[in-house]
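Below is one structure; the comments refer to it alone.
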Amino acid sequence: MRLIPTAIRMEAPGINNELPLLSVRDLATHFASDEGIVRAVDGVSFDVQAGRTLGIVGESGCGKSVTSRSILRIVHPPGRIVGGASCSGPGRGRAAKSTWPGSTPRGARSERSGAARSG
């Protein structure tokens, strides 16, 4: 099953609602297993506009949590972000643009640093 993001429009006064606060393009996160590669997230793209709420819904195991963890770059092994890009905060002060494959941000939470696992 493919994720289909659904946005609910909620206007925020004084905010430019044309620029997305978050853009995700072609996000792909795969997991290696004994049976082969599991494509948990494959080609997910969406924008989150200012003043809107994005809800991601789907069946158990369809990739909702992996999508969120991938955006935050906190996918645990054997998972790996293999494709996609994001841009957050355009026109809103500090913008951050990222291309995911092979990137691990400095200071990222990990089990080695003693951060508690959420799940």
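Within region 46-68, if we keep just the residues that are under 10 Å from the mean Cα position of the chain (by Cα) and without any contact (Cβ under 8 Å) to a residue 24 or more places away in the chain, the residue that is surrounded by the most Cβ atoms within 10 Å (Cβ to Cβ) turns out to be Ser65.
Restricting attention to region 24-37, the residues that are under 20 Å from Ser86 (Cα atoms), surrounded by fewer than 17 Cβ atoms within 10 Å (Cβ to Cβ) and small (Gly, Ala, Ser) add up to 0. The C-beta contact set for region 73-86 (first residue touching a residue at least 40 places away in the same chain (Cβ under 8 Å), second residue part of a strand (DSSP E or B) and basic (Lys, Arg), distance under 8 angstrom, 6+ apart or interchain) comprises Gly84/Arg25; Ala85/Arg25; Ala85/Lys97; Ser86/Arg25; Ser86/Lys97.
For the subset of region 1-41 comprising residues that are modelled with pLDDT of 85 or more and either of a type in the set (Phe, Trp, Tyr) or in contact with a Lys or Arg (Cβ under 8 Å, 6 or more places away or on another chain) (or both), which member is nearest to Arg69 (Cα to Cα)? That would be Thr29.
The values are calculated or read from the model by the stated rules, or taken from the named source; none is laboratory data. Note that the coordinates shown come from a computational prediction; the quantities given were computed from them, not determined experimentally. Reconstructed Cβ throughout: ideal geometry from the backbone, glycine too, with neighbour counts over all protein chains shown.
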